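FYI, it's all coordinate maths here, none of it is from the lab. Please read these numbers as outputs of a predicted model, since none were measured by experiment. Don't worry about glycine lacking a Cβ; one is built from the backbone with ideal geometry, like all the others, and counts go over all protein chains shown.
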Amino acid sequence: YELSRLVEKYTTMPVPKNKAIVGDNVFSHESGIHVSAVRAEPLTYEPYMPEFVGQKRRIILGKHCGISCIDYKLEELGLSIPQNEKENLILKIKEMAERGAKVGDKEFKNMVQEILAKG
């Protein structure tokens, strides 16, 4: 992965996001049921662990995300919200995604803090 980025830098030719092994989207998952399976058994959807090639698993928060995506992201960021608020969080994420807005870690943390502030 690192070598592909070095080649990208010096040739100014970007690595396609869907390029096998080294593309940024190779280990990206969004669909709720898909993420659930990856969490239970990663080799269901990944031929090998992303770290083997210097990659990282990415869970996309978008219009197809579900509870599994929320749980994964909360765990990854060391956050927690009441179970009954997760559906509200999913709706907010899907609304943002429908408008074309990116839901990154920063936006996700802000949404979680808003929910917790309402208490």
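Computed quantities for the displayed model
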item: Radius of gyration, Dmax [region 24-80; alpha carbons; angstrom]; result: 10.9, 31
item: Principal-axis tilt of helix 86-98 within the chain, Cα atoms, nearest 10 degrees; result: 50 degrees
item: Dipole magnitude (debye, nearest 20) for region 80-119, charges at Cβ of Lys, Arg, Asp, Glu; result: 80 debye
item: Full-extension gain in nm, Ile67 to Phe52, via 0.36 nm per residue minus C-alpha separation; result: 2.6 nm
item: Radius of gyration and maximum dimension Dmax of region 2-118, Cα, Å; result: 15.9, 50
item: Restricting region 30-119 to trypsin sites (Lys or Arg not before Pro) in coil, as DSSP defines it, with at most 16 other Cβ within 10 Å; result: Lys56, Lys63, Arg99, Lys102
item: Asp24-Leu77 FRET efficiency (beta carbon distance; Förster radius 22 Å; 0.05 resolution); result: 0.65
item: Region 64-119-region 13-58 distance, computed between alpha-carbon centres (Å); result: 21 Å
item: Test item: Cα-centred dipole of the chain, Lys/Arg +1 and Asp/Glu -1 on Cβ, debye; result: 320 debye
item: Region 18-119: relative contact order as a whole-number percent, Cα under 8 Å and 6+ apart; result: 24 percent
item: Cα→Cβ-extended label distance, 7 Å offset, between Ala40 and Lys106, nm; result: 3.6 nm
